[in-house]
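Structure first, commentary second.
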Amino acid sequence: MNLILSTCGTSILTSNLNGNDDFRKLLVRRANAKNDGDIPISERGLIREHIENRKRNFVEYDNEDAKRGSAELNGILAFYDGRTLKENQKDTHYLLTTDTWLGEETAKIVKLWLEKRGFTDIRVQ
């Protein structure tokens, strides 16, 4: 068994926006918000919708797509290089978030992705 410590930023939310630079700028501008209440309502709805879309879609990504779409999962998958995830499902994962709303939401998506692959000991800190 392994203990894997991964930092979580916002890469899942900011990657693969298909040229939507305005939305990327919005996410960067709001990246330090401690909670969603710190974001104007008009922007909050757009960001929440984006987070929900990522939760729904990202968990279906295969390993290669996950590596491309997430710095967090790229690091985790690099650790498992050449080993199947199924063989390592008893590993413990600590996901260290920034002290921001978007960092916490990113960690939740990483957690969902890992759970979908059979990992059960995942702690968001």
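Points to keep in mind about this one:
- Gaussian network model of the chain, springs between alpha carbon atoms under 10 Å - residue of Leu46, Leu96, Leu77 with greatest fluctuation: Leu46
- Electrostatic dipole magnitude of the chain [Cβ: Lys, Arg +1; Asp, Glu -1; Cα centre; debye, to 20]: 80 debye
- Length added when fully stretched, Ser11-Asp65, from 0.36 nm per residue minus Cα-Cα: 18.1 nm
- Taking amide H atoms as placed 1.01 Å from N in the peptide plane, the amide H of Leu96 lies under 5 Å from those of Ser6, Thr7, Cys8, Gln125, each 5 or more residues away in sequence or on another chain.
- Highest average packing first - 49-55, 84-90, Cβ atoms within 10 Å: 49-55, 84-90
- Placing dummy labels 7 Å off each Cα toward the beta-carbon, the span from Thr120 to Leu96 is 2.7 nm.
- Label separation (Arg44 vs Ala31): 2.3 nm, computed from points 7 Å beyond Cα along the C-beta direction.
- Choice from Val28, Val110, Val59 showing the highest fluctuation, given a GNM over the chain with Cα pairs closer than 10 Å: Val28
- Mean-position separation - Cα centroids, the stretch 44-110 and the stretch 1-18, in angstrom: 5 Å
- Within a Gaussian network of the chain (alpha carbon springs, distance under 10 Å), most fluctuating of Ser42, Ser70, Ser15: Ser42
- The label point for Asp21 and the one for Asn88, both projected 7 Å from the Cα toward the Cβ, are 3.7 nm apart.
Since every read-out is calculated from the coordinates, none of them should be taken as a lab result. Given the structure is predicted, the values throughout are model-derived calculations rather than measurements. Note: ideal-geometry Cβ built from the backbone for every residue, glycine included; neighbour counts use all protein chains shown.
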